[in-house]
Amino acid sequence: MNLVHEHVMPPKSGHAVVVRKAQHWRVTDVEGKQVVDMALFNNDNHREKLSTSNSRTRYWPKPGAAYVPRDKLVEGDTLMSTLCRPMATIVEETPEPKGVHDVHNRMCNRFLYESHGVEVQDGCHEIISSALAPYGLLPEDIPDTMDLFMNYQHSCEDGRWYIKEPVSKPGDYIEFRAEMDLLIGFSNCPEDRLTDCNARNCTPMKVEVFEP
């Protein structure tokens with residue numbers, strides 16, 4: 001494939017890019033143990049956007065497969081929109097184990113830091129909002145994101161979620177194929193105040209777009 005776009009996101013920064021149908025995009029963890037929050041929009045109708053709940057429960061079925069709501073997304077799974085239309089397919093991911101990405105939690109924001117009494121900074125919501133503002137999108141337009149490489153584990157015994165260090169190593173990546181023309185907003189997650197989300201050390205991430 002031919003590389004048509006490349007951008008390295010510094011720590012705690014955002015990025016936006018249009019990816020056309022059939023193009024691939026890859027998000028690479030440059031130094032390891034870093035999370036990127038990702039929001040998808042139909043580039044022709046920004047009111048249609050990523051639905052992580054539809055992606056888990058109203059996914060595009062494989063022939064002959066039973067209906068099974070999932071708790072994670074892995075290679076071959078489809079990201080679905082708020083209208084239950086395929087937006088993207090996960091074609092490859094290199095970290096082990098597979099599927100260590102968050103599709104349950106709301107992204108961090110300034111309120112999170114304010115309410116917990118730590119040094120306040122922009123969260124992923126503000127970072128993605130700023131990246132997408134040139135496209136006419138407002139903060140309230142941003143959907144729940146897929147949080148790439150976020151190690152978000154649930155304990156039935158404790159009845160709660162735990163945020164652990166990512167399993168991604170330097171050079172690990174996840175790659176997607178666009179199933180429609182997309183506008184994508186990214187936040188190189190800034191969370192180093194409260195949890196082990198980024199191993200408390202925010203590092204660069206790389207975004208690439210490829211033409212088949």
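For the range 177-193, putting each phi into the Karplus relation 6.51 cos²θ - 1.76 cosθ + 1.60 with θ = phi - 60° gives couplings of 10, 6, 9, 7, 5, 10, 10, 10, x, 10, 10, 6, 3, x, 6, 9, 9 Hz, in residue order, rounded to whole numbers and with x for Gly and Pro. Residues whose amide H lies under 5 Å from that of residue 9, counting only those 5 or more places away or on a different chain, are 205, 206, 207; hydrogens are built 1.01 Å from N in the peptide plane. Residues whose amide H falls under 5 Å from that of residue 80, counting only those 5 or more places apart or on a different chain, are 51, 55, 87, with hydrogens built in the peptide plane.
Given the Cα atoms of the range 15-131, and with Rh set as the inverse mean 1/r over their pairs in the Kirkwood sense, what is Rg to Rh to two decimals?
0.98
Shown in residue order for the range 160-167 are the 3J(HN,Hα) couplings computed by the Karplus curve 6.51 cos²θ - 1.76 cosθ + 1.60 at θ = phi - 60°: 7, 9, 10, 9, 10, 5, x, 8 Hz (x for Gly and Pro). Excluding residue 197 itself, calculate the net charge of residues whose Cβ lies under 14 Å from the Cβ of residue 197, where each Lys or Arg counts +1 and each Asp or Glu counts -1. Once all neighbours under 14 Å are counted, the net charge is -2. Straight-line reach from residue 21: which lysines fall under 23 Å, measuring Cα to Cα and dropping same-chain residues less than 8 apart? Candidates past the 8-residue exclusion: 49, 62, 206. When only Cα pairs below 8 angstrom with a gap of at least 6 residues are kept, the chain shows a relative contact order of 44 percent. Taking 7 Å steps out from each Cα toward its Cβ at residue 75 and residue 211 produces label points 2.8 nm apart. Taking 1.306 mPa s as the viscosity and 10 °C as the temperature, the Stokes-Einstein diffusion coefficient of the range 19-62 based on its alpha-carbon Kirkwood radius rounds to 121 µm²/s.
With all projection directions averaged, the alpha carbon convex hull of the chain covers 11.9 nm². Under the rule that an exposed site lies in a DSSP loop and has at most 14 other Cβ atoms within 10 Å, name the longest stretch of the chain with no GluC sites (Glu not before Pro) of that kind, not counting the sites themselves. Longest stretch, sites excluded: 1-74.
Subtracting the Cα-Cα distance of residue 46 and residue 194 from 0.36 nm times their residue separation leaves 50.0 nm of extension gain.
Label-to-label distance, residue 5 versus residue 140, with points set 7 angstrom from Cα along the beta-carbon direction: 2.8 nm. P(r) tail for the range 42-93: Cα pairs beyond 17 Å make up 34% of the total.
Bear in mind that the values in this text are calculations on the coordinates, not laboratory data. The structure presented is a predicted model; accordingly, all values stated were derived computationally and were not measured. Don't worry about glycine lacking a Cβ; one is built from the backbone with ideal geometry, like all the others, and counts go over all protein chains shown.
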